[in-house]
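The values are calculated or read from the model by the stated rules, or taken from the named source; none is laboratory data. Owing to the predicted nature of the structure, the values given are computational and were not obtained by experimental measurement. Positions of Cβ are generated from backbone atoms using ideal geometry, with glycine treated the same way; all protein chains shown enter the neighbour counts.
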Amino acid sequence: MARSIVLFYFVFQSTLDMESKDYLKDISEIKNLMNKSSRFISLSGLSGILAGIYALVGAAATYWLVMTYSNGTLYLDGWIFRTVLLILFAVAGLSILTGILLTTRKAKKNGEKIWDASSRRLILNFLIPLVAGGLYILIILNQQKYGQAGALMLIFYGLALVNASKFSIGDIRYLGYIQVILGLICALFPGYGFWLWVLGFGVMHIVYGAMMHFKYDVKK
Amino acid sequence: MSLITNINKVFDHRIRLGIMSILMVNEYADFNMLKELLEVTDGNLASHVKALEKAEYLEVEKQFIGRKPNTRYNATQLGKTEFKKHINALEKLIQKGT
């Protein structure tokens, strides 16, 4: 009786060692499936860097325009203002286009689908705060309240990032916090709005894009 | 020996663990989503889903999207609790094993 218990113990022990490797594989596969099914992780860091560079180039062009032709003050009518708006939309459009292109490429490389439940959820959750904020800004601009628009764009963009981070690479959350804080500072000191935009949409995108690029893209 | 008591026989299969992992982090998942993520055949997936359904670890919901029938699944509270217990047991086993 005692012998069979001892024997059983040894058999049990050895299968345990063999199986613990399989269990380890199970656990890592579980984590992988949880991430893959709920998060879209193929966001490209490089596209963040490029978006930041576009923003800096756009800001430099705006700065030069306003300094040379308008004595450092931006009036809300005339060709300079229209050109600045054009630059703004060009930067935004180019950033989105670059993001889509590079993310599609990365998703293909990762074997992740570009348009599935997780990417749809990511985009939806990103767009809800962004669209709500965008509409709100349009409404107050229409009421001739121009002072806070710049701050609000930073704040709502930051909130959109925080909201989206649950469905993508979690680190985006911190970029969102930074944008919200910059937006609040911008609301306090509207005079520095231009430089806070340069910092938020330009420098922070480059810094964050580079961090993402080296953390997730280069290693593999 | 008490270690082994929390290892759940129902979960003792790669695909079943996979199904439950997906349902833990998603409110629901439909048949095709599970199939694509787990890379299994229809028949294979169906049999494992059935086993989990029989244990009442997941619920099946049949509906129509337009004209197409769509079957989607969500984990029950019991299923989630049992899955957590199972994972904890696995982790303890791994710690003992190494």
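Summary of computed values
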| item | result |
| --- | --- |
| Test result for B:MET33, at pLDDT 90 or above, at the interface with another protein chain (Cβ under 10 Å from one of its Cβ atoms) and under 28 Å from A:GLY111 (Cβ atoms) | no |
| Scope the range A:190-220; condition more than 24 Å from A:ALA60 (Cα to Cα) and buried (at least 20 other Cβ atoms within 10 Å of the Cβ); matching residues | A:MET212 |
| Index of the failed condition, A:VAL162 passing every other in (1) in contact with a Lys or Arg (Cβ under 6 Å, 6 or more places away or on another chain); (2) over 26 Å from A:ALA59 (Cα atoms); (3) away from chain B (no Cβ under 14 Å) | (2) |
| Filtered residue count, the range A:108-122, keeping only those that are surrounded by 14 or more Cβ atoms within 10 Å (Cβ to Cβ), out of contact with any Phe, Trp or Tyr (no Cβ under 8 Å at 6 or more places or on another chain) and not charged (D, E, K, R) | 2 |
| First in the range B:5-20 and over 21 Å from A:SER38 (Cα atoms), second anywhere and outside any helix (DSSP H, G or I), Cβ under 7 Å, 6 or more apart | B:VAL10/B:ALA55; B:VAL10/B:TYR57 |
| Helices (runs of 4 or more DSSP H) contained in the range A:153-217 and holding at least 3 residues without any contact (Cβ under 8 Å) to a residue 60 or more places away in the chain | A:172-188, A:193-197 |
| Yes/no for B:ILE94 being part of a helix (DSSP H, G or I), at the interface with chain A (Cβ under 10 Å from one of its Cβ atoms), surrounded by 13 or more Cβ atoms within 10 Å (Cβ to Cβ) and not small (Gly, Ala, Ser) | yes |
| The range B:27-82: number of residues that are within 28 Å of B:ASN6 (Cα to Cα), more than 12 Å from the chain's Cα centre (by Cα) and either in contact (Cβ under 8 Å) with a residue 60 or more places away in the chain or crowded, with 17+ Cβ neighbours inside 10 Å (or both) | 2 |
| Number of the exception - B:GLU56 against (1) out of contact with any Gly (no Cβ under 8 Å at 6 or more places or on another chain); (2) more than 14 Å from every other protein chain (Cβ to nearest Cβ); (3) not in a helix (DSSP H, G or I) | (1) |
| Subset of the range A:61-77 [out of contact with any helix residue (DSSP H, G or I) (no Cβ under 9 Å at 6 or more places or on another chain) and assigned to a helix (DSSP H, G or I)] | A:TRP64, A:MET67, A:THR68 |
| Any pair with Cβ under 8 angstrom, 6 or more apart, that starts in the range A:43-69 at a residue that is without any contact (Cβ under 8 Å) to a residue 12 or more places away in the chain and ends at one that is surrounded by fewer than 21 Cβ atoms within 10 Å (Cβ to Cβ) | A:TYR69/A:ILE80 |
| Neighbours by Cβ (under 9 Å, 6+ apart or cross-chain): first from the range A:92-105, free of Cβ contacts under 8 Å to residues at least 40 places away in the same chain; second loosely packed, with under 15 Cβ neighbours inside 10 Å | A:ILE100/A:ILE114; A:THR104/A:ILE114 |
